[in-house]
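First the structure, in the form of structure tokens, and then the observations on it.
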Amino acid sequence: MKLKVLEIVLFSVLGSLLSVSQIVLSFLPNIEVVTLLIILFSIVYEQKAIYIVFVFIVTMGLIYGFGLWWIGYLILWPLLSISTCIVRKFIEGRYLILSIYSGIFGLLFGFFYAIPNIIFIGLNEGIAFWISGIEFDIIHGIGNYFIMMFFGEKLIGLLNKLSSKYLASIKN
């Protein structure tokens, strides 16, 4: 996938937007719009959305440090982007299904996030880490569901409109 300069700029800005949104909402436990935006970016930009995701992951590592938590980000956010690209044809424009998909990701977040702990610390510690955060995963899942339900359709329309105007010059 060769990128044009305008795409590099756009994807860098969108990755930075993910980082800013994560930081701005960090005072709310497990309520975030990163999942919403990654899903929408993956629907609009398809495989190229992975560049946006990696800008976000690296930026968060630069801000908070590259610890064990960061390895979880290396697993989870690309997984969300890639899986969204795979199921895109089945979920695009179906906001109830998108909301359920987003909610399920939130519910499973802690499970997948525990994988680096299992690998680097041990199975028992990884399971304990996951179990201790289940209530936050429930909050995460419910939050993701409602955020997608309320904002998904409006934001994807805006994103499609802005992207078509911005990227129109490179399609010629």
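Residues in segment 55-64 that are among the aromatic types (Phe, Trp, Tyr) and surrounded by 17 or more Cβ atoms within 10 Å (Cβ to Cβ): Phe56 only. Look at segment 125-138: where a residue is over 17 Å from Leu68 (Cα atoms) and a partner is among the small types (Gly, Ala, Ser) and assigned to a helix (DSSP H, G or I), sitting 6+ places away or on another chain with Cβ atoms under 8 Å, you get Ile134/Gly110; Phe136/Gly110; Asp137/Gly106; Asp137/Gly110. Among the residues of segment 86-116, those that are in contact (Cβ under 8 Å) with a residue 12 or more places away in the chain, over 26 Å from Ala128 (Cα atoms), open to solvent by 40 Å² or more (accessible area, probe 1.4 Å) and among the hydrophobic types (A, V, I, L, M, F, W, C) comprise Val87, Leu96, Ile100. State all residues of segment 1-39 that are without any contact (Cβ under 8 Å) to a residue 12 or more places away in the chain and charged (D, E, K, R); if no residue qualifies, say none. The answer is Lys2, and nothing else.
The set of residues in segment 39-92 that are hydroxyl-bearing (Ser, Thr, Tyr) and under 13 Å from the mean Cα position of the chain (by Cα) comprises Ser42, Tyr51, Tyr73, Ser81, Ser83, Thr84. Residues of segment 123-148 being open to solvent by less than 90 Å² (accessible area, probe 1.4 Å), under 22 Å from the mean Cα position of the chain (by Cα) and either charged (D, E, K, R) or farther than 9 Å from Gly103 by Cβ (or both), which ones? Phe129, Trp130, Gly133, Ile134, Phe136, Asp137, Ile138, Ile139, Ile147, listed by residue number. Among residues that are of a type outside the set (S, T, N, Q), free of Cβ contacts under 8 Å to residues at least 12 places away in the same chain and open to solvent by 20 Å² or more (accessible area, probe 1.4 Å), Gly67 is included.
On the basis of being loosely packed, with under 14 Cβ neighbours inside 10 Å, of a type outside the set (Val, Ile, Thr), more than 19 Å from Val34 (Cα to Cα) and touching a residue at least 24 places away in the same chain (Cβ under 8 Å), does Phe120 make the cut? The answer is yes for Phe120.
Pick out, from segment 101-172, the helices (runs of 4 or more DSSP H) lying fully within it that include 2 or more residues that are within 30 Å of Phe90 (Cβ to Cβ), among the hydroxyl-bearing types (Ser, Thr, Tyr) and at pLDDT below 95. If you could, list the steps in order and put the result at the bottom.
Numbers: elements: 115-120, 123-132, 134-171.
Per the criteria, 134-171.
Looking at segment 1-52, which of the residues that are charged (D, E, K, R) and assigned to a helix (DSSP H, G or I) is farthest from Gly103 (Cα to Cα)? Checking each candidate, the answer is Glu7.
The values are calculated or read from the model by the stated rules, or taken from the named source; none is laboratory data. These figures come from a predicted structure and were not determined experimentally. Because the Cβ atoms are built from the backbone with ideal geometry, glycine has one as well, and the counts that use them run over all protein chains shown. What goes into the accessible areas is simple: the full protein's heavy atoms, side chains included, and nothing from ligands, DNA or RNA. Shrake-Rupley method; radii C 1.70, N 1.55, O 1.52, S 1.80 Å.
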